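This report concerns only the one structure given below.
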Amino acid sequence: AVAPLPPRPLAVERGRIENDFLRVELDEAGDIVRLLDKQAGRDLLPEGAIANQFQAFEDRPMSWDAWDIDIFYDDRHWLAEPASSIRVVEAGPLRATIEIERRILNSTYTQRLSLEHHSPRLTIATEIDWRERHVLLKVAFPVEILTPAATYEIQWGRVERPTHRNTSWDWARFESCAQKWVDLSEGNYGVSLLNDCKYGHDIRDNVMRISLLRSPTWPDPLADQGQHRFTYALLPHAGPVGVQTVAAAYALNDPLVVHRAAGQGRHAPDWEGESFIACDAPNVVIETVKQAEDGEGFIVRLYESQRQRGTVTLRAGVPLASAQRVNLLEEAQVEVPVEGNQLVLSLRPFEIVTLRLLPGRT
């Protein structure tokens, strides 16, 4: 067998971070002034634009202080001060990171911008000491994408919403919810904005923004005050939004957890890396694996993520005695034929399937 080539070192300095996929350039204020997709040979930012820009808005809704954001919130806003510190904190072969310290209004924050050797994903981990009252904080990413609609992930699916405000209905949707990602795509290229815990978004024309923090004073006068940690990421991709965005969003929200195996050397366990449960279709996401509530077998819940119809093969890491489609109460509905450790399913677009799998004897 040919030994795998070691990853090429990442380039990083105070104002630049770069891997084989992406080049990120910063100005002296700590703002991102260039994002170059090296694989596609295209700049992601419009000329003169700034990305990862913190924007603070006066947030005083007419009623329901902690629940409403009124459309006039952007009448008054403030930007972050220039960085007080920019420094390289990681320069390894697998990951490179620049750390930036800044202030917006009365709140200080630290951001770590990271690239990994194998991915075009720019990850931005943020720690902020939030000290505002009646202020809404957003982060903005303008991108060089022309499209009349944006895509928002919802639980086990996605919806499209207009990027314009041509009608009164469009005006009313100035803030929209999404889970792990939103996306702007042309026919052959797009940019996804991922996050690990922030669900308010607005996308107008070619500017994607996430709502990060608010500071209402009713009913809780100390709402959102203090320390916060959250992470978001920018992911360019070829073609329309697809499985690459879904996989990257799951990787950001549920990173791989590695444990050292018991034993060392000759006494280490013989582990071949067989998955407990796997699927042969990249558009199908195995969302949940759990023991059945009655203790009989285990439950697998999966869904089709790309609006595609087709047949998929599910493979378990153990032989199977039987399989059933069940409802959310884990009540049997339909028997599914099994062969060894495999079963075949026919899925409709965005279909959610819950299965009870009973292991057989080895």
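The values are calculated or read from the model by the stated rules, or taken from the named source; none is laboratory data. All figures in this text were calculated on a predicted structure; none of them were measured in a lab. In this analysis, Cβ positions are derived from the backbone assuming ideal geometry, glycine residues included, and neighbour counts consider all displayed protein chains. Only protein heavy atoms, including side chains, enter the accessible area calculation; ligands, DNA and RNA are left aside. Shrake-Rupley method; radii C 1.70, N 1.55, O 1.52, S 1.80 Å.
Are any of the residues in region 168-188 in a loop (DSSP other than H, G, I, E, B), on the phi > 0 side of the Ramachandran plot and open to solvent by less than 40 Å² (accessible area, probe 1.4 Å)?
Among the residues of region 168-188, not one is in a loop (DSSP other than H, G, I, E, B), on the phi > 0 side of the Ramachandran plot and open to solvent by less than 40 Å² (accessible area, probe 1.4 Å), which makes the answer no.
Only one of (1) at pLDDT 95 or above; (2) outside any strand (DSSP E or B); (3) out of contact with any Ser or Thr (no Cβ under 6 Å at 6 or more places or on another chain) is not met by Leu194, so which one is it?
Looking at each condition in turn, Leu194 falls short on (2).
Pick from region 305-362 the residues that are closer than 17 Å to Ser275 by Cβ and in a loop (DSSP other than H, G, I, E, B): which of them is farthest from the chain's Cα centre (by Cα)?
Going through the qualifying residues, I end up with Thr362.
Got at least one residue in region 94-112 being among the hydroxyl-bearing types (Ser, Thr, Tyr), free of Cβ contacts under 8 Å to residues at least 24 places away in the same chain and surrounded by 13 or more Cβ atoms within 10 Å (Cβ to Cβ)?
The answer is yes; a qualifying residue exists.
How many residues, within region 1-13, are open to solvent by 60 Å² or more (accessible area, probe 1.4 Å) and at pLDDT below 95?
Of the residues in region 1-13, 8 are open to solvent by 60 Å² or more (accessible area, probe 1.4 Å) and at pLDDT below 95.
Looking only at region 199-243, count every residue that is charged (D, E, K, R), surrounded by fewer than 19 Cβ atoms within 10 Å (Cβ to Cβ) and under 17 Å from the mean Cα position of the chain (by Cα) and tell me the total.
Adding up the residues that qualify gives 1.
If you go through region 59-76 one residue at a time, do you hit one that is assigned to a strand (DSSP E or B) and either in contact (Cβ under 8 Å) with a residue 40 or more places away in the chain or over 27 Å from Glu116 (Cβ atoms) (or both)?
no
Given the criteria modelled with pLDDT of 95 or more, surrounded by fewer than 20 Cβ atoms within 10 Å (Cβ to Cβ), in contact with a His (Cβ under 7 Å, 6 or more places away or on another chain) and over 18 Å from Lys198 (Cα atoms), does Arg60 qualify?
Yes, satisfied.
Does Asp31 qualify as being at pLDDT 95 or above, in contact with a strand residue (DSSP E or B) (Cβ under 8 Å, 6 or more places away or on another chain) and surrounded by 14 or more Cβ atoms within 10 Å (Cβ to Cβ)?
yes
Which of the residues spanning region 137-162 are touching a residue at least 40 places away in the same chain (Cβ under 8 Å) and in contact with a helix residue (DSSP H, G or I) (Cβ under 6 Å, 6 or more places away or on another chain)?
none
All but one of (1) under 23 Å from Gly157 (Cβ atoms); (2) open to solvent by less than 20 Å² (accessible area, probe 1.4 Å); (3) among the small types (Gly, Ala, Ser) hold for Gly310; state the number of the condition that does not hold.
Result: Gly310 fails condition (2) only.
Scan Arg121, Arg87 and give me the residue that is basic (Lys, Arg) and crowded, with 20+ Cβ neighbours inside 10 Å.
Among Arg121, Arg87, only Arg121 is basic (Lys, Arg) and crowded, with 20+ Cβ neighbours inside 10 Å.
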